[in-house]
Amino acid sequence: MTRIILWAILVYILLRVGWRLFQSVLEGLGYRRQVGGPNTVGLVRDPVCGTFVLPSRALTSGTGTNTRYFCSEKCRQDYSPK
């Protein structure tokens, strides 16, 4: 019985070492595991209709900290700062 337990432990250790070696080879070849969830993109909210849009695709008004992002030209024209 002791012999079986020792063989099981040895097989487990060898499998772990082999797996780590395999991962190291893949990493050396340029493969990277994605850590965490998928990449996220920050969205901005249109102050007129409330639609969330990508900042890179939104129409803007103002500069610096006063920049407003709009989903369409109609929302940009309808916007009146309060």
- Query: Taking region 38-54 as the region of interest, how many residues are surrounded by fewer than 17 Cβ atoms within 10 Å (Cβ to Cβ), touching a Leu at 6+ places or on another chain (Cβ under 9 Å) and in a strand (DSSP E or B)?
  - Reply: 1
- Task: Filter region 55-82 down to residues that are among the hydroxyl-bearing types (Ser, Thr, Tyr) and not in a loop (DSSP other than H, G, I, E, B), then give me how many there are.
- Result: 4
- Please enumerate the residues belonging to region 1-50 that are free of Cβ contacts under 8 Å to residues at least 24 places away in the same chain, under 30 Å from residue 66 (Cβ atoms) and of a type outside the set (A, V, I, L, M). 39, 40, 42, 50
- Item | Matching entry among 8, 58 (being at negative phi and either of a type outside the set (A, V, I, L, M) or at pLDDT 95 or above (or both)) | 8
- Query: Just checking, how many residues over region 27-59 are farther than 30 Å from residue 77 by Cα and either among the aromatic types (Phe, Trp, Tyr) or over 22 Å from the mean Cα position of the chain (by Cα) (or both)?
  - Reply: 3
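The values are calculated or read from the model by the stated rules, or taken from the named source; none is laboratory data. What you see is a predicted model; the values in this text were computed from it and never measured. Cβ coordinates were reconstructed from backbone atoms using ideal geometry, including for glycine residues, and neighbour counts include every protein chain displayed.
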